[in-house]
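All of the numbers you see were taken from the coordinates with simple rules; none came from a lab. Since the structure is predicted, the reported quantities are computational estimates derived from the model, not experimental observations. Because the Cβ atoms are built from the backbone with ideal geometry, glycine has one as well, and the counts that use them run over all protein chains shown.
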Amino acid sequence: MERNAPHLSKFTIRLIIMMLVAALGIAVFLFNPLRSEARMVKRIEAPDGKIHLEVWENPRFAHAPGDALSGDGSLILRRKDGQVLRRMELGLVSSVDGVIWLEDRVHVIGVADWSYAGD
């Protein structure tokens, strides 16, 4: 006695292929393999130009267009020569919105208040 193998119609095969291609496209969109390192998204210079703030965003596995600055990352206070004076982790990079530079300190509104006197 012969067993008949299930036969798929051409339509069913095309539908399966289209679904696989769509799933692959969605996976590439959500998991961006080209972005594996943190990237600087903001640089805010002090009025005197001797120091600056850097806002870095960590790589994310999933993001949609237009949601820039919504991931986690770091806030770094750096001297002109590259030396890091202060650093902190951020839950949301977008929380760095307002900066007030004073003579010996920087106030990142709602995030940090750092002194850099003597640094």
Legend entry - Close pairs (8 angstrom Cβ cut-off, 6 or more residues apart or separate chains): in contact (Cβ under 8 Å) with a residue 12 or more places away in the chain in region 94-119, among the aromatic types (Phe, Trp, Tyr) and in a strand (DSSP E or B) anywhere: Arg105/Trp114; Val106/Trp114; Val108/Trp114
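Out of the residues in region 87-106 meeting the condition of being part of a strand (DSSP E or B) and in contact with a Phe, Trp or Tyr (Cβ under 8 Å, 6 or more places away or on another chain), tell me which one is nearest to Glu37 (Cα to Cα).
The qualifying residue nearest to Glu37 (Cα to Cα) is Val106.
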Legend entry - Of all residues in region 88-104 being surrounded by 14 or more Cβ atoms within 10 Å (Cβ to Cβ) and more than 16 Å from the chain's Cα centre (by Cα), the one that is farthest from Arg43 (Cα to Cα): Trp101
